[in-house]
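Worksheet: the structure to be examined is printed underneath.
Taken together, the values in this text are just the output of simple stated rules run on the coordinates, not laboratory data. Treat the numbers as computed from the prediction; the structure is a model and nothing was measured. Cβ coordinates were reconstructed from backbone atoms using ideal geometry, including for glycine residues, and neighbour counts include every protein chain displayed.
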Amino acid sequence: MKKIFLPSLILFSLFILPLAAFAAFTISVTPYEGGYDLRYGKVGIGFDRVNKEINVNITSNIAKQYRIVQQFLEPVTNDQGVALSQEQFVVYGIRGTNKYGTLNVEQEIPVSLGRSILYTSNSSGTSDSFILVYGLKGPLNVPAGSYRGRISFTLEPIDTTQAQVTQILNIFMEIEIQSTIEIKTANGASRISLDSEKEEMRTQDVLVDINGDLGNQFRILQLLLKPLESVEGNQLSGEAINFMISQAKKGSGPNKPKPFSGQPQEIIYTSGTKGEADSFTITYSLAEPDKYKAGRYKAKLIYIIERPGMQNTLEPFDLEVNIAPIFDLVIQPELGGIIGFRNIKPSAVPQPYISEVAIEIKNNTGKQYQVSQKLLSELANKEGKIISPENLTLRTENMNTENIALGTLKFPQKATVEKKEMTLFTSDKKGSPDTFKVIYELLVGLDLEPGDYSLQLVYSISEL
């Protein structure tokens with residue numbers, strides 16, 4: 001019996017003693033929703049807050065105090081290196097979920113690159129567990145896209161040579177823009193139409209509604225995909241159209257009429273620093289349409305939403321501009337075609353009496369023209385006394401603001417006023433608008449009765 005029992009006792013001890021000497025010192029970090037990663041899924045930029053819980057379990061039989069230390073290995077960052085601010089990713093522990101040790105983060109703290117002690121065990125190092133809450137705080141001031149990060153949880157023994165243990169938790173989130181930007185004309189059409197012929201169509205409003213915060217500053221730009229062009233192939237300068245914005249509360253833009261700059265992309269609105277919701281009106285208007293060639297011009301206008309690292313292009317609008325034909329004379333002073341000379345007195349030495357008429361030609365047809373005059377009556381006073389036409393002369397003088405005659409003045413020198421039609425001015429080949437004046441001079445001697453004299457004539461404009 002002794003020979004059999006002694007070896008058996010030795011064999012039993014060989015199996016039992018190593019098990020008793022094994023040290024358990026482990027940590028597990030498990031998201032409440034399962035899996036091995038902390039996943040926030042899709043979150044909008046303008047949200048308030050999203051919380052995710054994780055369960056932390058510590059198993060220890062080393063009979064030594066320990067602590068749990070948290071540290072960011074990789075901040076929550078997108079592919080372009082844009083990271084969430086430290087204040088927007090935070091952690092706190094739920095009070096009472098631990099049994100033995102001290103939960104050091106019952107008050108919320110940012111998750112940082114530095115070491116943060118989350119938990120300290122009791123002096124005996126008893127196994128324990130607790131719940132941490134990781135909060136994502138909005139609104140976010142980052143571009144939309146995929147973000148990821150890594151947090152380490154290190155189980156550190158205190159006053160012992162026991163090796164520390166580390167667990168890694170990966171973080172994933174998809175930040176998306178949940179706000180919308182709607183741009184439409186006041187009548188809901190996808191066409192912006194301006195027409196110089198109709199006063200009510202010389203302006204048109206486009207309404208912009210920004211619903212929900214975009215999270216960071218953005219700009220709205222406008223772009224003509226090609227120049228405004230007529231079916232005849234003529235192009236309309238961008239300066240023919242002004243734009244301005246009104247009623248914006250958070251952002252800003254031109255609050256006075258501003259011409260299209262001709263730049264490839266032109267800023268019309270800049271949001272507030274956090275891309276807050278807003279609504280405003282863009283007003284388009286014709287700027288001095290008389291200056292531009294008649295025709296119906298068309299182009300495509302698009303709006304671009306520009307944010308850091310990204311651009312979104314909205315559906316294009318049809319932009320149509322009708323410049324109605326103008327072919328007209330403006331006479332100053334407006335005397336109804338009457339040229340008068342007042343208080344004429346006989347004189348032994350011939351005395352000149354002057355009467356001037358300014359003529360402005362408005363023309364955008366692009367066709368050459370001429371301006372003529374024709375006498376409808378003799379130069380006479382109220383009693384019917386007539387002055388010989390030989391005493392009346394005219395000459396034409398340039399009045400162009402640049403003092404450069406675009407067209408041709410027919411009478412730069414004095415010429416006798418004739419009863420037949422007289423051509424006073426011929427435009428350049430382009431039919432450019434122009435202005436000139438006619439200076440009528442009456443030379444008076446002794447052979448007339450004193451008084452007021454006048455004649456009637458008519459001015460006309462015609463294409464060549």
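Karplus-derived 3J(HN,Hα) values for the range 408-422, using 6.51 cos²θ - 1.76 cosθ + 1.60 with θ = phi - 60°, are 10, 7, 7, 10, x, 10, 4, 9, 5, 6, 9, 6, 6, 5, 10 Hz; glycine and proline are entered as x.
3J(HN,Hα) along the range 358-366: 9, 10, 10, 10, 9, 8, 10, 7, x Hz, from the Karplus curve 6.51 cos²θ - 1.76 cosθ + 1.60 with θ = phi - 60°, whole Hz, x for Gly and Pro. Amide H contacts of Gly251: Gly272, each under 5 Å away and 5 or more positions distant or on a separate chain (H built 1.01 Å from N in the peptide plane; Pro and chain starts excluded).
Label-to-label distance, Ser462 versus Lys198, with points set 7 angstrom from Cα along the beta-carbon direction: 3.5 nm. Its DSSP H runs of at least 4 residues, each contributing -39,500 (n - 2.57), put the calculated 222 nm mean residue ellipticity of the chain at -1500 deg cm²/dmol, to the nearest 500.
Going from the residue with the fewest nearby Cβ atoms within 10 Å to the one with the most, Tyr32, Tyr292, Tyr353 rank Tyr32, Tyr353, Tyr292.
So for Val438, Val206, fewest C-beta neighbours within 10 Å to most, what's the order?
The fewest-first ordering by Cβ neighbours comes to Val206, Val438.
The separation of the range 367-386 from the range 271-306, counted between C-alpha centres, amounts to 49 Å. The separation of the range 204-256 from the range 349-364, counted between C-alpha centres, amounts to 46 Å.
Positive-end ranking of Ile27, Ser230, Thr435 along the dipole of the chain, with charges on Cβ about the Cα centre, is headed by Ile27. Here's the picture: a label point sits 7 Å out from the Cα of Leu225 along the beta-carbon direction, and within the range 306-322 the residues with their amide nitrogen under 18 Å of it are 312-321. Does anyone have the angle between helix 2-21 and the longest principal axis of the chain? Alpha-carbon axes, 0 to 90°, nearest 10? Result, in degrees: 20. Taking the fewest neighbouring Cβ atoms within 10 Å as the starting point, the ordered list for Val321, Val133 is Val133, Val321. Of (i) 173, 40, 35; (ii) 83, 50, 36; (iii) 64, 56, 38, which one was derived for Cα extents along the principal axes in Å from the structure shown? Step by step, Cα extents along the principal axes in Å for this structure corresponds to label (i). Pairs exceeding 29 Å between alpha-carbon atoms, taken from Lys198/Lys437; Lys198/Lys374; Lys137/Lys250; Lys256/Lys437: Lys198/Lys437; Lys198/Lys374; Lys256/Lys437.
Can you pick out the pairs among Lys385/Lys420; Lys42/Lys226; Lys367/Lys414 whose Cα atoms lie more than 27 Å from each other? Show your work: numbers first, answer last.
Values: Lys385/Lys420 21 Å; Lys42/Lys226 38 Å; Lys367/Lys414 29 Å.
As for pairs spanning more than 27 Å Cα to Cα, those are Lys42/Lys226; Lys367/Lys414.
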